[in-house]
Structures are given as structure tokens and as C-alpha cells.
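Input: a single structure, listed below in C-alpha cells.
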Amino acid sequence: MTNDRNHYPCFECDLDKLSENLAALVERCHDSLIEVAGVVKGVSALPEIVRVFEKSGVKFIATSRVDQLRAIRSYGFVTKPLMLIRIPMLSELADVVALSDISLQSDITVLRALNEEAKKQNRTHEVILMMDLGDLREGFWNEEDAIDAALEIERELTNLKLSGVGVNLSCYGSVTPNKRNMQGLVSLASDIEREIGRKLDYISGGASTSLYMAVNGTMPYRINLLRIGDMALRGETDGFAPGFLHKDVFTIKAEVIECREKPSFPVGELTVNAFGEVGQYEDRGIRRRALVALGRVDYGNCFDLVPRMKGVEILGASSDHTILDVEDAEREIRVGDVLEFGIRAYGPLVYLTNTPSVRMAYKGGE
């Protein structure tokens, strides 16, 4: 709990801890001969955070949005190549070529149009072909289609360079990266290399959820690129929380706007809440409750927040309020107090760095 009279709510990033996380991850990946694409989409490519990625040992700076690529280019201090990690729309290919150096691709129609745009801009654009190994998001499903696309790039799409193949796992279908699907990607890469007659630069084995394989030594040898954001930002992902990473890079600070004793079960006929949901309530009698000026439009799911004060419990939230049980708080809570929260999931990062209603604050760094 703090009593600073700053503008609240705020979302604070410890730049030194982020830098240490990135250094630790890059070191361990390099020990396994794996390069890192540092993904900044989770923090909306904010310049102070992009600068930390730029000064780290990542190979690429990566994001999923063209508008973020444009912002990164405008900062003026980024020298690392930029990677677009969402399959692009046909309507944005001019910007893809102009703003990124390498992109993930999974559709031959887009690849052909991308080649024409690169030709117009007199540039060579690098691409990584994505393979769907069961997560059912982006990627070629049939190996023959991927090989055909690779051959067309190599022989006909002369303003594109086929730099590698990749996969995404866990983001939609919750498929766990493992030795079997990673080896499947390596086998696909070998088939493509045999067809085009040369080695690929990169075999990209996924994102933060694949990192545990690099750390525990089970990643197949030829996987040499991971796209890592969440693990550096939060220090954990999907149950993997290595002890060498900080888990408190980010802190939410929210001001208490009401605090009093109230019943713990709503009084009256119940219906759905403001979001069309049926609430779940436990009757615990009269309890001391606090409201903070921060709500679902700011962070998404309130249960992804972790109170830093012992004895504070999150009960729920509306669009603009978060409701807390503070009956057992280690200190008495009053109106005007500022409570601190950590985050236990990726979602709040995206929400909190995108809303103008939450002030970004930074500590540490240069």
C-alpha cells in the first residue's frame, strides 16, 4: 500500500527487472544455439520497453500489428530487424514491406501479392512459412502445400527470400510443444531443404510456451529461433515459472474510492450483471469491502490480478470498479489508499498498456 498522490490508476514497469529477464532468457537460449525474437506486442510496443528489448541480445524485435511496427520505426533508436508475427492482410502488404524485414506467412495468395509489393518497393522481404501442427490457428496443414509454396518462393517469387519455417502452439488449441511436434517441424524443414537445395536460416519452434524445452535440454537440435515476449514480461507462462526470472516486472496501482462494511451476498432479485453474466456469490455475512477505481475495461479479467497486500481478496469487478474483500487485510484500508496488484496472465498486459485511462510509469533503466 502506498499513499503517493500521483495520477491513478497506473501500471508500473521495472525496466531493470525486465532487462535482467531478457538477459537470462537470451543466455539460456544461446546455450542451446537458439536465437530470440523479442515480442513486444503484449505491451503495445511502448517505446520505453522497446528500448530495453533493443539493448538486449535478441535477434529480432517482433510484434503482431503493423501500426506497432510503424511506431517502432518512428522511435529512431531501433537498429535490430523487425519481424511481423501475425499473418498479414492483403490490404496492408505495402506497409508490411516498408516497415518489417521479415514476416510469418501461411497463404500462397498473400505470398504472391507480397512479392509484387516488394518488387514495387525494390526490396527483398524475408519470410518464414508457418506450419499448423495441430493448434489449428495459422499455418499450412498439408506438408505438400508447404513444400509447393517453398519451391514457388525459391524459383519464382524473386523479391522474397525463404528464410525458414515455423510453428505456433498453445495460443488457440492449447496444444503443448513437445519433442514430437518439434521434431515434426524439423522433418518438414529437412524436406523443404532437400527440395530447394539449400539450408534454411531458421526453424522457429514457437513462442514462450516452447521455452521450457530449451531450458531443460529437450529441444531438438535444429530448432534455432523462438519468439519470446510473455516469459520476459511476466517471468512465467502456462505453469512454467523458472526461478531465474522476476515475476514482478509489472505492478498495478489503484486508488480506493470506497471502503465500508456491507453484506457479502446481494440483496434483492438477481439477474445478469452488466456483462450479461450470472454472478456467483458466497454469503459470508457482513464484511469490510473496498472499491478501487479500475475495472474490466482497463484489464479484462479481474481474477488475473494478484493483490500484493496479504489478506486482500478480489471478489469481482464491473466495467469501472474492482470490488475487494479487505476484512482480513494486514492493515486497515481507508479511502485514498493506493493498493498494489501483480498480474497472473497475459491479458492484463495488453489491456493496461492500451488504455488512456491508466498511466504508464517506469522505474529503473537509464
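Restricting attention to region 21-37 and to residues that are acidic (Asp, Glu) and surrounded by fewer than 17 Cβ atoms within 10 Å (Cβ to Cβ), the residue that is farthest from Lys59 (Cα to Cα) turns out to be Asp31.
Yes or no, residue by residue, for (1) at negative phi; (2) outside any strand (DSSP E or B); (3) modelled with pLDDT of 95 or more; (4) surrounded by 11 or more Cβ atoms within 10 Å (Cβ to Cβ):
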| residue | (1), (2), (3), (4) |
| --- | --- |
| Ala254 | yes, no, yes, yes |
| Cys259 | yes, no, yes, yes |
| Gly268 | no, yes, no, no |
| Tyr281 | yes, yes, no, yes |
| Leu291 | yes, no, yes, yes |
| Leu294 | yes, yes, yes, yes |
| Phe303 | yes, yes, yes, yes |
| Val306 | yes, no, yes, yes |
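Results for (1) touching a Pro at 6+ places or on another chain (Cβ under 7 Å); (2) closer than 29 Å to Gly243 by Cβ; (3) open to solvent by less than 10 Å² (accessible area, probe 1.4 Å), shown as yes or no for each residue.
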{"position": "Arg180", "(1), (2), (3)": "no, yes, no"}
{"position": "Leu185", "(1), (2), (3)": "no, yes, yes"}
{"position": "Ala189", "(1), (2), (3)": "no, no, yes"}
{"position": "Ile192", "(1), (2), (3)": "no, no, yes"}
{"position": "Arg198", "(1), (2), (3)": "no, no, no"}
{"position": "Ser208", "(1), (2), (3)": "no, yes, yes"}
{"position": "Leu211", "(1), (2), (3)": "no, yes, yes"}
{"position": "Gly217", "(1), (2), (3)": "no, yes, no"}
{"position": "Pro220", "(1), (2), (3)": "no, yes, no"}
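Listed by position, the helices (runs of 4 or more DSSP H) inside region 6-115 whose residues that are under 30 Å from Val292 (Cα atoms) and at pLDDT 95 or above number at least 2 are 15-31, 47-55.
The set of residues from region 308-351 being part of a strand (DSSP E or B), aliphatic (A, V, I, L, M) and under 22 Å from Val249 (Cα atoms) comprises Ile314, Val338, Leu339, Ile343. Just one residue in the set Ile343, Ile333, Ile314, Ile286 is β-branched (Val, Ile, Thr), surrounded by 15 or more Cβ atoms within 10 Å (Cβ to Cβ) and more than 29 Å from Leu15 (Cβ to Cβ); that residue is Ile333.
Select from region 146-175 the residues that are in contact (Cβ under 8 Å) with a residue 40 or more places away in the chain, closer than 18 Å to Val97 by Cα and aliphatic (A, V, I, L, M) and list them in ascending order. Ile153, Leu157, Leu160, listed by residue number.
The values are calculated or read from the model by the stated rules, or taken from the named source; none is laboratory data. Being a predicted model, the structure only gives us computed values, none of them experimental. No Cβ is skipped: glycine too gets one built from the backbone with ideal geometry, and neighbour counts run over all protein chains shown. When the accessible area is computed, the model is the full protein with side chains, heavy atoms only, and any ligands, DNA or RNA have been set aside. Shrake-Rupley method; radii C 1.70, N 1.55, O 1.52, S 1.80 Å.
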